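Presented below is the structure to which this report refers.
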Amino acid sequence: MSASIAPPVTIRTGTVPEGKVADFLTGRHLRDTPEEYVRQNLEKALVRQYKYDARDCAPEFAVKVGSSRKRVDVVVFLPGATHAQENAFILVETKRAGVSPASRTDGIDQLRSYLAACLNAKYGLWTNGDEQYCLAKRADGAGGFTFEEIIDIPALGQSEEDAQRPQRKDLKPATADNLLFAFRRCHNYIAGTEGKQKPDAFWELLKLIFCKIEDERSRRLDFYATASERASATSAASAKARIQRLFEAKVLAKYGAIFPASDSNIDLKPNVVAFVVSQLQGYSLLASPVDVKGVAYEEIVGSNLRGDRGEFFTPRNACRMAVTMLNPQPNERVIDPACGTGGFLITAMNHALAHIEKEERAQWMDPTRGTDEERQELYRARNEYLSQRVHGMDLNPGLVRAAKMNMVMNNDGSGGLWQANSLANPRTWRDDAPAQVRLGSFDAVVANPPFGANIVIDDEEVMNQYDLAAMWDRRSDGRWEMRVDKHGRRVLQKNQPPEILFIERCVQLLKPGTGRFALVIPNGILNNPALGYVRTWLAANVQVLAVVDMARELFQPKNDTQTSMVLARRLSPDEKAAAAAGHLEYPIFMAIAERVGHDKRGNVVFRRTETGDDVLVTRQELFAEIDPSTGEEVLRSTEVQERQVDDELPDVATAYLRWLGEQR
């Protein structure tokens, strides 16, 4: 079947002409340009992060500057005031990436001139996404103004002092791509200022991100840098000393497996530490949506740690589709034996955690807040799941380390990850692997094994574990038969691609009769006549539940391999006997996903109407934020209107669950 049904969770509410974007504040159709992309992210931040009322904000507002009129990209007015120049409070100038802040026409001086012309305006923000500057306008006592660079503009009702050193109540969950911008700014600043290679800059940035996360779990916030610390190398030393103490006391003590003793110092200059801290201190990373953090983190990881062993990270929409179809439950143990940076595991983990949270909150007197006891019980249930049911392995130690960090940013569960060759004999796996990790013990396996022509497995000790490492002969009746010697032992091939052996290892990890997997498998394995023995082995060992033929663009532009997502359940011994006798028959769900949300260059593709207009959708988005009165995390709901990405993978998952229900 072809999955082209519109997902039922969305509502068509209008169209946007091709090449246009609906303005977040006004809904007006504007040209879709790189500069507009930056502005739309800032507009969302002003409303969702800084809490300004959209009715008090205006894009492209004309102000009088000298004898001419200039359009300010976004103006925030005093609450409830008319949209007039004398009521302007914050001015925002957004530029496309690459525009220099020193530009005579488009740089910070342009913002200064606008601030000077708006007598009552107090703050300004200039950004091209990769760089950001915040200014406070001060009277100079002689009828003029000076401009002081500050850490951040204040949010609604927030004092400037609190904006420079936020308290817990001031922390803001990130929205849209603003966290991605912040991570990118920090990484580029480290690489450019320190002269470090990109991977080294990446690891130092992650140390500071970990400090930020652990600081959010503390009663007293120490992750901050004042404007004077950022401006002065001498003062910056105190900021670095404070963050180094935080790193030693909170991070090293808790994550010794991630940060070895030889890596116990933050290897950055004081002014660099102060800059990075100033870019992150206003966010609540713990309360930021999973997808926002995931997109930001994985882009930085992907540009630094992508290896040469066929490691191509699974797009998040493919992870979500597979996990939705697999539907791992809180009482089920899940593993990814080729976990990379943890994208599949985080998706599966959060799927199960959503079940836990829904069940727990349904028993609360107030589902949005809960009592101390109720929240503690939720924490206990989540922690029990994370500590006992989530596991992952990868051969690349750098990716395992990155995955652990990714897990910590997304609810944790990092204790179940370790570096190992998951194709090797389990007795060779490191001693720190949990004792309960053994073959035949998992309810669910999710994986995108490394694949590619440049990597093969030729270690005889490894290959001896697998039927699929043996020579197979095709008989005259077309059936495949494994070749054995006179002693009944497998006759091995010289080598075998890892993606074939991973299929068998994933089946070995599953509980017989009930365990199920979702695997990304190259289409060649599923349709190449010479690999018919792989399909024969699969038919003898698993019940294939679903095969989803994925569009070629899924891994582009990084990799051009065409793949399918295959779901299957491991057969019990009795079922294997029935399969061998030809008595096992069952239906298989099959789908073709022709569109996966991006083109071969990686550009996002939006769904269009028959007339070629973009489709707008409205949805309810549940997010966490910090209650200013208590400092506690509280769930909120907001209505979000946006263009619909032309992605059929959610449609596939919906169709599969409906089909599965019909089969039962």
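A simple spin-label model places pseudo-atoms 7 Å from Cα toward Cβ; at ASP109 and THR609 they are separated by 4.7 nm. For the pair THR618 and GLU86, label points projected 7 Å from Cα toward Cβ lie 3.8 nm apart.
Direction-averaged shadow area of the convex hull around the Cα atoms of the stretch 49-107, nm²? Walk me through the numbers before you get to the answer.
Numbers: hull surface 19.9 nm².
For the stretch 49-107, averaging the hull's shadow over all directions gives 5.0 nm².
For TYR283, nonlocal amide neighbours, meaning residues 5 or more places apart or on other chains whose placed amide H falls under 5 Å from its own, are LYS172. Kindly work out what percent of the DSSP beta bridges joining two residues of the chain are antiparallel, to the nearest 5. Taking every DSSP beta bridge with both residues in the chain, the antiparallel ones total about 75 percent.
Spherically averaged projected area of the convex hull of Cα atoms, the stretch 93-172: 6.1 nm². In the chain, the calculated helix contribution to ellipticity at 222 nm averages -10500 deg cm²/dmol per residue, counting -39,500 (n - 2.57) for every DSSP H run with n ≥ 4. Its residues counted as N, the chain yields a C-alpha radius of gyration over 2.2 N^0.38 Å of 1.05.
What percent antiparallel are the DSSP beta bridges of the stretch 306-593, to the nearest 5?
On the way: 20 of 38 bridges.
Here the share of antiparallel DSSP bridges comes out near 55 percent.
Coupling constants for the stretch 34-49 follow from the phi torsions by the Karplus curve (6.51 cos²θ - 1.76 cosθ + 1.60, θ = phi - 60°), and in residue order they are x, 5, 5, 4, 5, 5, 4, 5, 5, 4, 5, 5, 4, 8, 8, 8 Hz; glycine and proline get x.
Per-residue Cβ neighbour counts within 10 Å put HIS487, HIS187, HIS355, HIS583 in the sequence HIS487, HIS583, HIS355, HIS187, beginning with the fewest. In the chain, the longest principal axis of the Cα atoms and the axis of helix 397-409 are about 60 degrees apart.
Over all alpha-carbon pairs in the stretch 329-482, figure out the percentage whose distance exceeds 19 Å. The proportion of pairs with Cα distances above 19 Å equals 61 percent.
Multiply the residue gap between ARG552 and ALA539 by 0.36 nm, knock off their C-alpha separation, and tell me the result in nm, one decimal place. Intermediate values should be presented prior to the final figure.
Values: separation 13, 0.36 × 13 = 4.68 nm, distance 2.57 nm.
Length gained between ARG552 and ALA539: 2.1 nm.
In this structure, ILE588 and ARG479 have a Cβ-Cβ separation that, at R0 = 22 Å, corresponds to a calculated FRET efficiency of about 0.65. Go through LYS269/LYS404; LYS20/LYS70; LYS44/LYS212; LYS51/LYS207; LYS70/LYS212 and tell me which ones have a Cα-Cα distance over 32 Å in this structure. Listed pairs above 32 Å: LYS70/LYS212.
May I ask for the net charge around GLU35, where only other residues with Cβ less than 11 Å from the Cβ of GLU35 are counted and Lys, Arg are +1 while Asp, Glu are -1?
Values: positive: ARG31, ARG39, LYS95, ARG96; negative: ASP32, GLU36, ASP73, GLU93, ASP106.
My count for the surroundings of GLU35 gives -1.
Here the mean projected area of the convex hull built on the C-alpha positions of the stretch 11-160 is 10.2 nm². Of all lysines in the structure, the ones whose alpha carbon falls short of 22 Å from that of LYS558, not counting any fewer than 8 places away in one chain, are LYS198, LYS293, LYS600. Stokes-Einstein diffusion of the stretch 306-593 at 37 °C, 0.692 mPa s viscosity, Kirkwood radius from Cα pairs, rounded to a whole number: 164 µm²/s. Once a ≥ b ≥ c are taken as the square roots of the eigenvalues of the Cα gyration tensor of the stretch 547-609, is the result rounded (a/c under 1.5), prolate (a/b larger than b/c) or oblate (a/b not larger than b/c)? It is prolate, given that a/c is not under 1.5 and a/b is the larger ratio.
In the stretch 178-290 the Cα-Cα distances spread across 5 Å bins starting at 0 as 2, 13, 23, 25, 23, 11, 2, 0 percent of all pairs.
Report the FRET efficiency, 1/(1 + (r/R0)^6), for ARG31 and SER68, where r is their Cβ-Cβ distance and R0 is 25 Å, rounded to 0.05. According to the calculation, E is roughly 0.60.
What nm distance separates the two modelled labels at ASP458 and ASP372, each placed 7 Å from Cα along Cα→Cβ? It is 6.5 nm.
Each of ASP140, ASP458 has some number of other Cβ atoms within 10 Å of its Cβ, and from fewest to most they run ASP140, ASP458.
Of the residues THR428, TYR385, ALA402, the one whose Cα sits farthest toward the positive end of the charge dipole of the stretch 352-454, with +1 on the Cβ of Lys and Arg and -1 on the Cβ of Asp and Glu, is THR428.
How much FRET efficiency would the formula 1/(1 + (r/R0)^6) give for GLU359 and ALA142, where r is the Cβ-Cβ distance and R0 is 60 Å, rounded to 0.05?
On the way: r = 65 Å, r/R0 = 1.09.
E between GLU359 and ALA142, to the nearest 0.05, is 0.40.
We did not get these values from a lab; they are worked out from the coordinates using the rules stated. Note that the structure is a prediction, hence the values are computed from the model and not measured. Reconstructed Cβ throughout: ideal geometry from the backbone, glycine too, with neighbour counts over all protein chains shown.
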